[in-house]
Amino acid sequence: MKIACILAGVTAFAAPQILDCERGEGPDYGLWTVDCGLPQEIHFVMWKPHQPEAWDRLFKEFHDAHPDIRVKTEIGPHSATEFHTILTTKLRAKDESIDVFLIDVIWPAEFAKAGYLEPLDDVIPEAERRDFFSAPIEANTVDGKLMAAPFNIDAGSLYYRKDLLDQYGYKPPQTWGELVAQAKKIVEGEKEPGLAGYTGQFDKYEGLVCNMLEFIRGNGGRMTADDGSLALDDPKSAEAIEFVREKLIGDVAPKSVLNQREPQSRGVFLQGESVFHRNWPETWKIVNDAGQSKVAGKVGLAPLPKFEGGRAVATLGGWQLAVAAHSTKKQAAKTFVKYLTSFDTQKKLTLWTSQTHSRKTVMEDSEVLAAFPHFKDLTQVLEAATPRPRLANYHEVSDRLQRELYERISRAPEERGGSGLGWIPPILGIGVLAALVFLVARRR
């Protein structure tokens with residue numbers, strides 16, 4: 001039933017106002033605040049959680065603490081591309097069915113430029129940001145404003161067969177050169193058909209950009225210039241790409257990694273068919289589940305290696321919380337975001353789900369470390385997290401990166417030329433071939 005309430009004018013000249021309290025809304029008149037007795041309903045668009053019971057507990061606790069606000073959820077598709085489409089469609093139309101929503105860590109610049117995001121500097125003040133890992137704060141800051149709030153965090157991690165490294169007297173490799181040498185020695189020593197030295201994600205999709213950023217940035221290179229153009233021909237960038245093509249793929253890593261994403265490459269490691277494996281933090285729980293992993297209890301976790309003279313780099317992943325700029329319930333929405341990003345809430349979610357969240361102080365908490373001892377090693381990984389290029393047209397740039405990177409790691413330069421004449425650039429090669437055909441024709 002729709003309810004109306006009447007507020008008498010605060011001066012003799014103010015006419016009575018009829019207020020729509022269907023959703024508990026009412027303006028603020030200084031000392032006079034309308035309270036119609038109904039909770040505000042905010043709409044939260046999220047992905048399907050892996051552990052919905054944890055979110056059920058969370059919503060109940062929030063509602064108990066904030067009886068004046070009710071959260072209505074809409075579950076989006078698992079595909080990030082489809083989720084992106086749903087969000088942009090709603091936001092472009094200023095749809096009332098979206099107030100708070102999750103966004104991928106690569107979307108803040110795009111959404112901010114489009115005018116979709118409400119700044120959240122008042123939700124996480126400057127002084128409080130030191131409690132978070134620095135990379136997601138950096139990724140969510142656009143033109144000096146915090147446009148989204150860090151929620152959970154991912155970063156590329158190195159998983160390794162601890163039993164095999166111990167057997168051969170190795171410690172986790174510090175450099176990529178050490179990883180290649182260790183992998184070759186172990187594979188040769190084990191003499192197991194099908195045992196690979198390394199697996200990662202090198203199929204033509206966003207995961208390829210994540211994997212290659214770790215090599216390129218770790219070697220001191222860059223993927224894009226400031227204007228968004230590709231910078232893969234920069235010497236340091238080209239050197240890293242050559243390493244992946246010549247030293248990993250087809251050598252210590254099987255050619256099949258060119259067709260593998262997270263589940264496929266992880267599956268190889270689960271079967272005990274890889275010495276080293278790159279993946280995200282949630283992999284730890286999976287590889288140590290004896291019900292689905294042949295290497296449970298035999299796995300170690302470490303930061304990804306670096307190149308000589310370089311630094312260890314892990315691509316930043318994770319989801320952020322945002323408030324729609326067009327929302328008519330911004331204050332309630334911000335209250336919900338502040339609750340989800342608070343220390344107490346993130347600690348509870350971490351203990352309930354074993355997932356990594358963006359507050360560094362939660363990862364360092366004694367109770368959390370007692371429950372998940374591997375978080376001590378994981379914190380080192382997350383501290384090395386590096387955002388992908390922060391570009392408003394990132395999706396377009398990423399598409400170009402995927403195509404170009406895949407071409408460069410799957411085929412040598414002479415194979416990519418297309419002319420069959422080795423060093424000759426493609427366009428010149430076509431001209432040379434055309435000239436040869438013309439000369440042959442004239443001799444006839």
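The values are calculated or read from the model by the stated rules, or taken from the named source; none is laboratory data. Just so it is clear, the model here is predicted, and its values are computed rather than measured. Note: ideal-geometry Cβ built from the backbone for every residue, glycine included; neighbour counts use all protein chains shown.
Please go through segment 135-174 and pick out each residue that is without any contact (Cβ under 8 Å) to a residue 40 or more places away in the chain and either in contact with a Phe, Trp or Tyr (Cβ under 9 Å, 6 or more places away or on another chain) or under 30 Å from residue 277 (Cα atoms) (or both).
The answer is 137, 166, 167, 168, 169, 170, 171.
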Among the helices (runs of 4 or more DSSP H) lying completely within segment 143-231, list those that include at least 1 residues that are surrounded by fewer than 17 Cβ atoms within 10 Å (Cβ to Cβ) and assigned by TED's automatic domain parsing to the domain that holds residue 356. none
Which residue, of 234, 227, is at pLDDT below 95 and of a type in the set (D, E, K, R)? 227
Looking at segment 298-312, I want the residues that are at pLDDT 95 or above and assigned to a loop (DSSP other than H, G, I, E, B) and have a partner that is crowded, with 20+ Cβ neighbours inside 10 Å and among the aromatic types (Phe, Trp, Tyr) with Cβ atoms under 6 Å, at least 6 apart or on another chain. Which pairs are those? 305/176; 307/176
Anything in segment 252-273 that is surrounded by 16 or more Cβ atoms within 10 Å (Cβ to Cβ), touching a Lys or Arg at 6+ places or on another chain (Cβ under 8 Å) and outside any helix (DSSP H, G or I)? List them, or say none. 252, 272
Filter segment 300-344 for residues that are touching a helix residue (DSSP H, G or I) at 6+ places or on another chain (Cβ under 6 Å) and β-branched (Val, Ile, Thr) and give the result. 313, 315, 323
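Surrounded by 15 or more Cβ atoms within 10 Å (Cβ to Cβ) and not in a helix (DSSP H, G or I): is that true of residue 290 in this structure? Lay out the reasoning, then the answer.
Details: surrounded by 15 or more Cβ atoms within 10 Å (Cβ to Cβ): no; not in a helix (DSSP H, G or I): yes.
Taking the combined requirement at face value, the residue does not satisfy it.
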Residue list for segment 108-126, filter: charged (D, E, K, R) and in a loop (DSSP other than H, G, I, E, B): 118, 121, 122
Among (1) in a loop (DSSP other than H, G, I, E, B); (2) farther than 14 Å from residue 159 by Cα; (3) among the hydroxyl-bearing types (Ser, Thr, Tyr) - the single one residue 315 does not satisfy: (1)
Determine whether segment 95-107 contains at least one residue that is assigned to a strand (DSSP E or B), in contact with a Pro (Cβ under 8 Å, 6 or more places away or on another chain) and of a type in the set (A, V, I, L, M, F, W, C). no
Do we find that residue 295 is assigned to a strand (DSSP E or B), of a type in the set (Val, Ile, Thr), modelled with pLDDT of 95 or more and surrounded by 18 or more Cβ atoms within 10 Å (Cβ to Cβ) in this structure? no
